[in-house]
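Q: Input: one structure, supplied below.
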């Protein structure tokens, strides 16, 4: 009798688990947020863990570059009915959200039927108007440790799933710009040069160590009384919610607690410079000002210390040309430099080269070490040679983490099982889409900007 009761109890438990795992009328919602730099690796891992035939809606034509995406389907392992929602708002913001319970915007599950599709590779972008909801995230991807943020409690479970490299890249100058020849000499950013950029901009001649005919002519004409007309270089950067910013500011020695002076380009006709103006690749930038003050997810960021909310929007603006007659507030001609993950840098090269070019000179080396890129204009894709990262010679990189609160994602729950499965999938397979597999690294780094040691 005792054995029979145990058998019945076991069957009931199995039936209960089965109902919990397969209930299309009551799916489990699993919500991701965090790093935009690593989203290509994260979303591919999510897709790999879903049964084929799932529905998806996203705000871009590719989930790999989308800020928002929602999947409706079943898990390939276990068969649970799920709605997976992603909202990539930045690494620090992701850690803040899952530690403090701040809500994010997500595309609704209904939109996957009304506006989405079943093939993430050929989506029609879904309008966010009328198709969003707000909810608290369960899982965050981050380019940095929780200890590197202000949101240190409750302690999160953080799994190192890969390595994410970053690059400095320069923008374009329009034909006829006085400093086009000198701009071609800008091939490297040193840590000191980066600090100059973040501290209200620097001069092109300081970054290159050289001058050109326009600079020489101005000097010979008796210039340099006060603010001279050498070409200035300003930084396009990320807001303080960004892990890309944490890694870059730490690695260059600028520091994450220092207030930066970051900029953005403006088109002609704007005179206030207080509301963010969208700039796309086909635009011509007329002037430059500090990135405007904003309140982002309830957090106020001051002008200059603020920045782009994603590397994708930064890369898009950097692909626009600075006009031949464009000047800053002091009448100086200028160029723009930004920092981003390699996935967003690939988007920059795609905007510049499209189907005809192969120019990768816009990607700058860091501290004298290059991260070679090859652009395939037929496929409109970029491949990277990460050898210098793997060997620890190229140091502008961070570790990527998948994080969650173990007290809310309990052991054995659908959310916890899926989070751990995605972490393993990234670690073993998809990390190479946005960075480097841990198994390919010959060196270790314990935290952002820390000493690099051999494995």
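Q: So which residues in the stretch 199-209 are closer than 23 Å to residue 371 by Cβ and touching a helix residue (DSSP H, G or I) at 6+ places or on another chain (Cβ under 7 Å), if there are any at all?
A: Applying the first criterion (closer than 23 Å to residue 371 by Cβ) to the stretch 199-209 yields 202, 204, 206-209.
Result: 202, 204, 206, 207, 208.
Q: Kindly indicate whether any position in the stretch 336-348 is modelled with pLDDT of 95 or more, crowded, with 20+ Cβ neighbours inside 10 Å and in a loop (DSSP other than H, G, I, E, B).
A: No: zero hits.
Q: Assigned to a loop (DSSP other than H, G, I, E, B), in contact with a helix residue (DSSP H, G or I) (Cβ under 7 Å, 6 or more places away or on another chain) and at pLDDT 95 or above: does that describe residue 358? Step through it out loud before you land on a result.
A: Details: assigned to a loop (DSSP other than H, G, I, E, B): yes; in contact with a helix residue (DSSP H, G or I) (Cβ under 7 Å, 6 or more places away or on another chain): no; at pLDDT 95 or above: yes.
No: the conditions fail for residue 358.
Q: Another question, if that's okay. Could you grab me the full set of residues in the stretch 153-190 that are assigned to a loop (DSSP other than H, G, I, E, B) and over 22 Å from the mean Cα position of the chain (by Cα)?
A: Filtering the stretch 153-190 down to residues assigned to a loop (DSSP other than H, G, I, E, B) leaves 153-156, 171, 174-179, 185-187, 190.
Correct list: 153, 154, 155, 174, 175, 176, 177, 178, 179, 185, 186, 187.
Q: Being touching a strand residue (DSSP E or B) at 6+ places or on another chain (Cβ under 9 Å) and surrounded by 17 or more Cβ atoms within 10 Å (Cβ to Cβ) is the filter here; which residues of the stretch 300-315 pass it?
A: 301, 304, 305, 306, 307, 308, 309, 310, 311, 312, 314, 315 - these are the residues of the stretch 300-315 that are touching a strand residue (DSSP E or B) at 6+ places or on another chain (Cβ under 9 Å) and surrounded by 17 or more Cβ atoms within 10 Å (Cβ to Cβ).
Q: Which one is surrounded by the most Cβ atoms within 10 Å (Cβ to Cβ), of the residues in the stretch 191-215 that are modelled with pLDDT under 95 and in a helix (DSSP H, G or I)?
A: 207
Q: Given the conditions (1) surrounded by 21 or more Cβ atoms within 10 Å (Cβ to Cβ); (2) under 30 Å from residue 80 (Cβ atoms), report the number of the one that residue 424 does not fulfil.
A: Every listed condition holds for residue 424 apart from (1).
Q: If you don't mind, another one. If I ask for residues that are touching a residue at least 12 places away in the same chain (Cβ under 8 Å) and either within 18 Å of residue 347 (Cβ to Cβ) or surrounded by 15 or more Cβ atoms within 10 Å (Cβ to Cβ) (or both), which ones from the stretch 377-391 would you list?
A: Looking only at the stretch 377-391, we keep the residues that are touching a residue at least 12 places away in the same chain (Cβ under 8 Å), and these are 377-378, 380-382, 384-386, 388-391.
Passing the criteria: 377, 378, 380, 381, 382, 384, 386, 388, 389, 390.
Q: Could you list, in sequence order, all residues of the stretch 316-325 that are in contact with a strand residue (DSSP E or B) (Cβ under 6 Å, 6 or more places away or on another chain) and part of a loop (DSSP other than H, G, I, E, B)?
A: 320, 323
Q: From the list 307, 331, exactly one residue is farther than 23 Å from residue 61 by Cβ and more than 17 Å from the chain's Cα centre (by Cα). Which is it? Give the steps one after another, and end with the answer.
A: Working: 307 fails: more than 17 Å from the chain's Cα centre (by Cα).
Going through 307, 331 in turn, the sole match is 331.
The values are calculated or read from the model by the stated rules, or taken from the named source; none is laboratory data. Keep in mind it's a predicted model, so treat the numbers as computed, not measured. Every residue, glycine as well, gets a Cβ built from its backbone with ideal geometry; the counts of neighbours run over all protein chains shown.
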